[in-house]
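Participant: What follows is a structure written as structure tokens; I'll ask about it next.
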Amino acid sequence: MSTSLFRVSESAGRRLVARAALEGTSSTALLDRLIREGVDQLEHPGIVFRGPIHDRRAALAAGPDVWEVVARLLELDGPVEHRIAVLSWQSDLQSRKIRTALAYARDYGMEIGARIGRNRQAAEAIQRGEPI
């Protein structure tokens, strides 16, 4: 889709160009990221995005990354509601926040699963004494 379909104010355009230059990326790439992340945040209240440009990840506002919540839930046994209760008790994360992370993960399971896999591979490499 061409961004020529959109018009932004002069002020917004200047801010976009300045921020893109600060991040070392193009205005188009920054605008694309802001739209995707903004829409995701609207669709999943309580989710924010953090990390450098090359490694953006979904996280709970004032909480851990979504992949961390999901990975921990996968390590627990029992029905989902039981695992949510256990994780909430163990981590002091409210069950509502855990469900927010799960809702995001349901929509972006491939992304979350890939991050969990990369993290596990890195942890295993460290245990074997290999550089990551």
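The values are calculated or read from the model by the stated rules, or taken from the named source; none is laboratory data. Remember, it's a predicted structure, so these values are computed and weren't measured experimentally. Don't worry about glycine lacking a Cβ; one is built from the backbone with ideal geometry, like all the others, and counts go over all protein chains shown. Surface accessibility is based on the protein's heavy atoms, side chains included, excluding ligands, DNA and RNA. Shrake-Rupley method; radii C 1.70, N 1.55, O 1.52, S 1.80 Å.
Participant: What number of residues within segment 79-100 are farther than 20 Å from VAL48 by Cα, charged (D, E, K, R) and either open to solvent by 100 Å² or more (accessible area, probe 1.4 Å) or within 19 Å of the chain's Cα centre (by Cα) (or both)?
Facilitator: Total meeting the criteria: 1.
Participant: If you don't mind, another one. I'm checking my understanding of the structure. Among residues of segment 51-69 that are of a type in the set (Val, Ile, Thr) and modelled with pLDDT of 95 or more, which one is nearest to GLY109 (Cα to Cα)?
Facilitator: Result: VAL66.
Participant: Could I ask something else about it? Given the structure, is ARG106 among the charged types (D, E, K, R), in a helix (DSSP H, G or I) and open to solvent by 90 Å² or more (accessible area, probe 1.4 Å)?
Facilitator: yes
Participant: Where the second residue is assigned to a helix (DSSP H, G or I) and acidic (Asp, Glu) and the first is closer than 9 Å to ILE53 by Cβ and open to solvent by less than 40 Å² (accessible area, probe 1.4 Å) and lies in segment 20-35, which pairs have Cβ atoms under 8 Å and are six or more apart or on separate chains?
Facilitator: Qualifying pairs under 8 Å: LEU30/GLU23.
Participant: Select from segment 15-74 the residues that are closer than 21 Å to ALA114 by Cα, among the charged types (D, E, K, R) and in a helix (DSSP H, G or I) and list them in ascending order.
Facilitator: Hits for segment 15-74 are ARG33, ARG36, GLU37, ASP40, ASP55, GLU68, ARG72.
Participant: The conditions are (1) in contact with a strand residue (DSSP E or B) (Cβ under 9 Å, 6 or more places away or on another chain); (2) assigned to a helix (DSSP H, G or I), and LEU93 fails exactly one of them. Which is it?
Facilitator: If we test LEU93 against (1) in contact with a strand residue (DSSP E or B) (Cβ under 9 Å, 6 or more places away or on another chain); (2) assigned to a helix (DSSP H, G or I), just (2) comes out false.
Participant: Could you give me the residue pairs with C-beta distances under 6 Å whose first residue belongs to segment 37-58 and is open to solvent by 50 Å² or more (accessible area, probe 1.4 Å), whose second residue is assigned to a helix (DSSP H, G or I) and not β-branched (Val, Ile, Thr) wherever it lies, and which are 6+ apart or on separate chains?
Facilitator: Note: pairs meeting the criteria are ILE53/GLU23.
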